[in-house]
1. May I ask you to list the residues in the range 344-370 that are more than 17 Å from the chain's Cα centre (by Cα) and either surrounded by fewer than 18 Cβ atoms within 10 Å (Cβ to Cβ) or at positive phi (or both)?
2. Based on what the data block shows, is Glu303 among the charged types (D, E, K, R), farther than 19 Å from Ile244 by Cα and surrounded by fewer than 23 Cβ atoms within 10 Å (Cβ to Cβ)?
3. Of the conditions (1) farther than 20 Å from Phe187 by Cα; (2) at pLDDT 95 or above; (3) surrounded by fewer than 21 Cβ atoms within 10 Å (Cβ to Cβ), Ala341 clears all except one; give me its number.
4. Taking the stated definitions as given, is Trp310 part of a helix (DSSP H, G or I) and under 14 Å from the mean Cα position of the chain (by Cα)?
5. If you take the residues in the range 321-351 that are of a type in the set (Ser, Thr, Tyr) and touching an Asp or Glu at 6+ places or on another chain (Cβ under 8 Å), which one is farthest from Leu221 (Cα to Cα)?
6. Within the range 203-220, which residues are over 23 Å from the mean Cα position of the chain (by Cα) and either under 27 Å from Ser172 (Cβ atoms) or polar (S, T, N, Q) (or both)?
7. When you check Glu267 against the structure, is it modelled with pLDDT under 95 and either buried (at least 20 other Cβ atoms within 10 Å of the Cβ) or not in a strand (DSSP E or B) (or both), yes or no?
8. Within the range 64-93, how many residues are free of Cβ contacts under 8 Å to residues at least 60 places away in the same chain and farther than 19 Å from Thr127 by Cβ?
Amino acid sequence: MSELASPSSAPRIDLIEAPATGTALSAPSILIRSNHHNIPRPSEGVWPGLANPPRNPTRARIAEVMFRRAVAKLPVRVVYPGGDRIGVGGPRSPVMRIVRPDAFFNRLGAHSKIGFGEAYMVGDWTTTALPDLLTPFAAKLSTLIPPPLQRLFRRCVEARRPREEINTVDGSRANIQRHYDLSNELFATFLDKTMSYSSAWFADDNDDLVDAQQRKIDGVLDMAGVRSGQHILEIGTGWGGLAIRAAQRGARVTTLTISAEQARLAEKRLAEAGVGDQVQVLLRDYREAQGSYDAVVSVEMIEAVGVEYWPTYFASLDRLLRPGGRVGLQAITMPHDRLLASQDDYTWISKYIFPGGVIPSVPAIEDNLAEHTGLRIAERRSLGPDYARTLAHWRETFLSRWETVAALGFDETFRRMWEFYLGYCEAGFRVGYLDVYQLSLQHRR
C-alpha cells in the first residue's frame with residue numbers, strides 16, 4: 001500500500017556550480033577533472049545544468065496544463081505542496097508528490113522527456129513507489145499528449161539526438177564508456193553472480209535470479225545451436241557470463257567488446273571459471289570482426305548500434321556466419337509505430353544512461369534482415385514480463401546496497417538517477433510498451 005510522502009521525506013540535494021566549468025555538482029561530490037563537454041559524467045559527480053532549472057513561464061504554464069490533463073484520468077494521486085490533488089487514484093494508488101512545482105514545470109516545459117527525469121533526480125518530485133507510479137504513465141505513453149499535438153510538440157519542445165552521439169566506430173566507444181566503464185564494482189553491487197546485465201528467463205515456480213539468468217543464457221545458446229567443438233563469435237562480451245557457459249558446453253569462443261573495463265573483468269572471470277584457454281576476448285568493434293564462425297550470439301547489444309548502423313550490424317552477422325550456422329540474438333523491442341515516431345528523439349535515457357541507443361522493433365529487424373542479409377527469423381521467444389521481474393531484482397538490490405555504491409564515490413543524484421532508470425524501464429516492460437525477444441536467425445536458403 002502506498003502512502004503519501006511528507007515534504008520532509010523528500011531528499012535534500014544541494015546543487016552547486018562547478019568552478020570554472022559551469023557544470024553542476026550534487027553534494028557530496030567527487031573530485032572534478034577537466035570538463036570540456038556539456039554531458040553528465042556521474043562517476044565524477046558532474047551534473048550539467050541541474051543546479052538551475054530553465055526559466056520560461058509560458059512554456060511552464062503550458063506544461064502544467066498538459067500535465068494536469070494527462071494525469072486527470074490516470075489511477076494515481078498527484079499532490080501539490082498546498083494539498084491540491086489530481087488523478088483518479090484511490091487510497092491504495094501510488095502517490096506522486098510535487099515538492100517544487102515551479103522548478104518541475106519549468107523543466108517539463110523546456111524538455112518534457114528529459115525534464116521529467118531530471119526533476120526526480122534533484123527531488124522536485126518524489127514518490128514512495130516509483131515503478132508503481134510510472135506504470136500508469138507507461139501504459140498511456142503514446143496518448144498522454146493528444147495525437148494531433150504530438151508532431152508540434154516534438155518540433156517545439158523535444159530535443160533532437162546530438163550528432164556527436166551517432167555510433168561511428170569512435171562514437172560507439174565513447175558512448176559505451178559513459179555507461180559500462182562507470183565501475184565494474186558498481187555493476188557487481190546489484191547484478192547476480194553471473195554478472196548478466198540483460199533480461200533473465202524465469203521458470204514459473206522459481207524467482208531465483210541466478211537460475212533465471214543461466215536459463216536465459218542457455219536459451220540464447222540453444223537459439224544459436226551452440227554445441228561442443230564449434231567456434232562461436234559473441235558480439236558484446238558483457239562480463240563474460242555467456243562466454244563461460246558456451247565454453248562449458250565445449251565450444252571455443254571469440255568474444256568482442258569495446259569496453260576496456262568489461263574486458264578486464266571478463267578475462268579474470270573466465271580464468272577463475274577454468275575456461276580461459278577456450279575464450280579469446282578482443283577489444284574490437286563488430287564492424288572490425290573477421291573470420292567465419294559456426295554460430296554467432298549477441299545479447300542486448302543491438303540497442304547500442306543506432307538506426308544508421310542496423311544494416312551494417314545485420315550484414316556483419318550474415319558475413320561472419322558460416323553456411324548452415326545460426327545466430328542467437330536477444331533484443332529489447334518497442335512497437336513499430338513508436339519507433340518511427342521517436343527514433344530521432346533525445347530522451348532522458350539517451351542523455352543519462354545509454355547515449356546513442358535506439359531500441360528497435362521486430363518489424364525493423366525483419367526489414368533489415370530482408371534488405372541487407374540472407375537471414376530470417378526462424379524462431380522467437382518473448383521475455384517481456386521476465387524483464388520486469390529482472391529489473392525489480394536489480395532496483396531492490398541497488399537500493400538496499402546503496403551504502404556500498406556510495407563508498408565507491410557515487411553521489412545522491414546518481415542514486416536517484418539509477419533508481420529512476422531502473423523503475424522507468426520496469427514500468428515499460430510491465431505494460432508491454434517494451435518487450436524483449438530471443439531470436440534464432442537462419443539463412444533463408
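The values are calculated or read from the model by the stated rules, or taken from the named source; none is laboratory data. Everything numeric here is computed off the predicted structure, so don't read it as measured data. Every residue, glycine as well, gets a Cβ built from its backbone with ideal geometry; the counts of neighbours run over all protein chains shown.
1. Scanning the range 344-370 gives Pro363, Glu366, Asp367, Ala370.
2. Yes: the conditions hold for Glu303.
3. (2)
4. no
5. Restricting to residues being of a type in the set (Ser, Thr, Tyr) and touching an Asp or Glu at 6+ places or on another chain (Cβ under 8 Å), the top hit is Tyr346.
6. Asn206
7. Judged against the criteria, Glu267 is not a match.
8. Going through the range 64-93 one residue at a time, the tally reaches 2.
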